[in-house]
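S.K.: Dropping the structure in here first, questions after.
The values are calculated or read from the model by the stated rules, or taken from the named source; none is laboratory data. On a predicted model such as this, the values are computed, not experimentally measured, just so you know. Backbone-built Cβ (ideal geometry, glycine too); neighbour counts: all protein chains shown.
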Amino acid sequence: MVEFTKVKKCSTKEFELIKITDDVRQFAAQSKIKNGVVYVILSHTTAGIMVNESLPCLEKDIETTLEELVPLHKDYAHSHFLPSYGAIGGNAPGHLKSMLVGNHCVIPLIDGKLVMGMAQDVYLAEFDGVQQRTFFIEIIGE
Amino acid sequence: MVIDVHVHPAFYEPVCGDPKRVSLRKGVMGYDLMSPFPLELVEKQMAFAGVDKLVLLGEDCAAEGGDVLSNEEISRIVALDPTRFIGFATVDPNRPDALEILRYAFGTLKLRGLKLHPAKQQFYPNDPKFFPIYELCLSYNVPITFHCGMSWQPNTLLKYSHPEVFEEIAVRYPQLRINLAHFGFPWVLETAAIILKYPNVYADTACCYMDCPEQFFEQLFFKLMGPLWVEHNIADKILFGSNNPRFRPARIKRGLEYQPFSEETLAKILGENAVRFLGLEVNGNG
């Protein structure tokens with residue numbers, strides 16, 4: 001059996017780590033599927049889905065490290081006019097950070113509950129805000 | 001106060017209820033892959049960028065679908081948050097009833113400026129048959145933003161939007177406040193000459209950057225121009241404009257803040273000049 005939902009979140013900064021664990025937990029709790037896996041999948045290319053520990057110091061370290069790896073100012077090939085959009089590709093850093101973080105995570109579901117380590121939280125990682133973002137939660141199981 | 005004088009609210013959800021109309025608007029305005037977003041997002045983008053007010057521009061092109069972003073739609077958005085939004089009217093000046101449309105836009109809808117797009121609407125702004133429009137704007141004490149220079153919209157011709165074609169209007173109507181949008185790109189030096197010479201003419205920063213705003217504004221204001229040209233000559237004549245949704249206000253603003261302008265000059269560019277251009281010092285800040 002498969003169950004699926006879409007969730008929208010509006011970021012408030014260019015870089016923002018938005019905790020979405022409760023959204024995932026809530027959908028899993030109301031699901032008829034009791035055992036299986038939960039996928040959290042993002043529908044964008046300049047943000048990411050990641051699992052990490054929800055501590056302000058770590059969130060800061062994640063931001064700093066990604067900024068060092070992918071600086072704001074660099075001669076990115078993507079920074080040019082894109083006729084297909086009618087806009088400038090001003091978000092190369094967002095694309096590259098998204099590539100580093102990935103666009104999904106998978107969590108086991110046992111007896112109707114997410115099986116997660118006590119330090120784990122699920123984040124929507126915004127790298128190109130401020131934007132409205134959509135992610136999918138899909139549960140596959142029985 | 002920070003004012004973005006150049007925003008096209010083509011994808012604000014309150015004016016995107018009809019998918020066919022949105023599709024027509026996208027085609028006419030050249031926004032192929034963009035899609036509607038809620039007003040909540042605009043508020044958050046403004047908060048993040050540190051922008052207090054947006055000047056919202058409509059679009060009317062009689063030869064291409066008419067008013068694809070109409071005066072009524074601009075007025076409707078402004079009514080949702082008049083503290084944040086300032087609406088400009090649009091009209092294709094080739095319409096025989098252009099003056100009537102504008103009287104309604106200024107008098108009834110209370111729109112506070114006019115946007116004309118000579119390249120799209122395909123008219124020479126210095127043709128005397130359009131002078132009554134400028135006189136009407138003067139009678140309502142509202143400014144005009146003219147598209148100037150290159151446009152990414154389809155069916156737009158550069159010959160109608162060279163900075164030179166606006167000079168005669170500046171001379172003939174010295175009390176008419178004029179903004180040459182996009183800093184007239186690629187004719188940025190010609191635009192600089194006009195805003196330097198005519199006290200009633202401004203230029204906005206909604207330029208078509210081709211690298212990133214930081215690099216582009218450095219090239220424009222400190223390489224193509226001498227390093228003190230803005231600071232000592234045209235600091236009072238430059239308006240912060242983003243051309244959103246093509247470019248993001250936060251990024252254009254950051255590109256300007258990155259430049260070695262004095263604090264005073266940056267404050268003028270980001271908002272003080274716009275207060276004067278828009279006539280807010282007379283009409284209040286609402």
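S.K.: Six or more apart or on different chains, Cβ atoms under 7 Å: show the pairs whose first residue is in segment B:172-192 and within 21 Å of residue B:275 (Cβ to Cβ) and whose second is part of a helix (DSSP H, G or I) and of a type in the set (S, T, N, Q).
M.R.: Cβ pairs passing all conditions: B:180/B:191; B:183/B:191.
S.K.: Regarding residue B:25, is this residue crowded, with 20+ Cβ neighbours inside 10 Å, free of Cβ contacts under 8 Å to residues at least 60 places away in the same chain and not in a strand (DSSP E or B)?
M.R.: yes
S.K.: Any chance segment B:239-250 includes a residue that's surrounded by 22 or more Cβ atoms within 10 Å (Cβ to Cβ), under 28 Å from residue A:129 (Cα atoms) and of a type in the set (Phe, Trp, Tyr)?
M.R.: Yes, there is a match, as at least one residue in segment B:239-250 is surrounded by 22 or more Cβ atoms within 10 Å (Cβ to Cβ), under 28 Å from residue A:129 (Cα atoms) and of a type in the set (Phe, Trp, Tyr).
S.K.: Let me ask something else about it. Go through segment A:14-35 and count every residue that is touching a residue at least 12 places away in the same chain (Cβ under 8 Å) and more than 15 Å from the chain's Cα centre (by Cα).
M.R.: Counting residues in segment A:14-35 that are touching a residue at least 12 places away in the same chain (Cβ under 8 Å) and more than 15 Å from the chain's Cα centre (by Cα) gives 9.
So that you can scan it fast, the table gives a plain yes or no per residue for (1) within 14 Å of chain B (Cβ to nearest Cβ); (2) touching a Phe, Trp or Tyr at 6+ places or on another chain (Cβ under 9 Å); (3) part of a loop (DSSP other than H, G, I, E, B); (4) not basic (Lys, Arg):
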residue	(1), (2), (3), (4)
A:3	no, yes, no, yes
A:6	no, yes, no, no
A:13	yes, yes, yes, no
A:27	no, no, no, yes
A:44	yes, yes, yes, yes
A:48	no, yes, no, yes
A:51	no, yes, no, yes
A:58	no, no, no, yes
A:67	no, yes, no, yes
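S.K.: To continue, here is another question. Among the candidates A:43, A:11, which residue alone is within 19 Å of the chain's Cα centre (by Cα), surrounded by 14 or more Cβ atoms within 10 Å (Cβ to Cβ) and in contact (Cβ under 8 Å) with a residue 40 or more places away in the chain?
M.R.: A:11
S.K.: Does residue B:106 satisfy the condition of being in a helix (DSSP H, G or I) and either among the aliphatic types (A, V, I, L, M) or more than 14 Å from chain A (Cβ to nearest Cβ) (or both)?
M.R.: yes
S.K.: List the pairs whose first member sits in segment B:101-116 and is without any contact (Cβ under 8 Å) to a residue 24 or more places away in the chain, whose second member is crowded, with 24+ Cβ neighbours inside 10 Å, and whose Cβ atoms are under 7 Å apart, counting only residues at least 6 apart or on separate chains?
M.R.: Listed pairs, sorted by first residue: none to list.
S.K.: Hey, among B:274, B:192, B:203, which residue is more than 14 Å from chain A (Cβ to nearest Cβ), more than 17 Å from residue B:2 (Cα to Cα) and buried (at least 24 other Cβ atoms within 10 Å of the Cβ)?
M.R.: Testing whether each residue is more than 14 Å from chain A (Cβ to nearest Cβ), more than 17 Å from residue B:2 (Cα to Cα) and buried (at least 24 other Cβ atoms within 10 Å of the Cβ) leaves just B:192.
S.K.: Where residues in segment B:28-81 are among the hydroxyl-bearing types (Ser, Thr, Tyr) and buried (at least 17 other Cβ atoms within 10 Å of the Cβ), which of them is farthest from the other protein chains (Cβ to nearest Cβ)?
M.R.: B:75
S.K.: Exactly one of (1) over 15 Å from the mean Cα position of the chain (by Cα); (2) away from chain A (no Cβ under 14 Å) is unmet by residue B:145. Its number?
M.R.: Going through (1) over 15 Å from the mean Cα position of the chain (by Cα); (2) away from chain A (no Cβ under 14 Å) one by one, residue B:145 breaks only (1).
S.K.: Name every residue in segment B:206-223 that is assigned to a helix (DSSP H, G or I), within 14 Å of chain A (Cβ to nearest Cβ) and surrounded by fewer than 20 Cβ atoms within 10 Å (Cβ to Cβ), in order of residue number.
M.R.: Scanning segment B:206-223 gives B:214, B:215, B:218, B:219.
S.K.: Still on this structure, I have one more. Can you pull out every residue in segment A:93-142 that is small (Gly, Ala, Ser) and within 14 Å of chain B (Cβ to nearest Cβ)?
M.R.: Residues satisfying the conditions are A:94, A:129.
S.K.: Looking at segment B:227-242, is at least one residue out of contact with any Leu (no Cβ under 6 Å at 6 or more places or on another chain), within 13 Å of chain A (Cβ to nearest Cβ) and either closer than 19 Å to residue B:50 by Cβ or not charged (D, E, K, R) (or both)?
M.R.: yes
S.K.: To continue, here is another question. Note down all Cβ pairs under 8 Å where the first residue falls in segment B:124-149 and is at pLDDT 95 or above, the second is loosely packed, with under 15 Cβ neighbours inside 10 Å and aliphatic (A, V, I, L, M), and they're at least six residues apart or on different chains.
M.R.: Final answer for the pair search is B:141/B:282; B:149/B:158.
S.K.: Looking only at residues in segment A:80-92 that are in contact with a strand residue (DSSP E or B) (Cβ under 6 Å, 6 or more places away or on another chain) and either more than 9 Å from chain B (Cβ to nearest Cβ) or of a type in the set (A, V, I, L, M) (or both), which one is nearest to residue B:28 (Cα to Cα)?
M.R.: A:88
S.K.: Next up: What's the number of the only condition in (1) over 15 Å from the mean Cα position of the chain (by Cα); (2) buried (at least 18 other Cβ atoms within 10 Å of the Cβ) that residue A:38 fails to meet?
M.R.: In the conditions (1) over 15 Å from the mean Cα position of the chain (by Cα); (2) buried (at least 18 other Cβ atoms within 10 Å of the Cβ), residue A:38 misses (1) alone.
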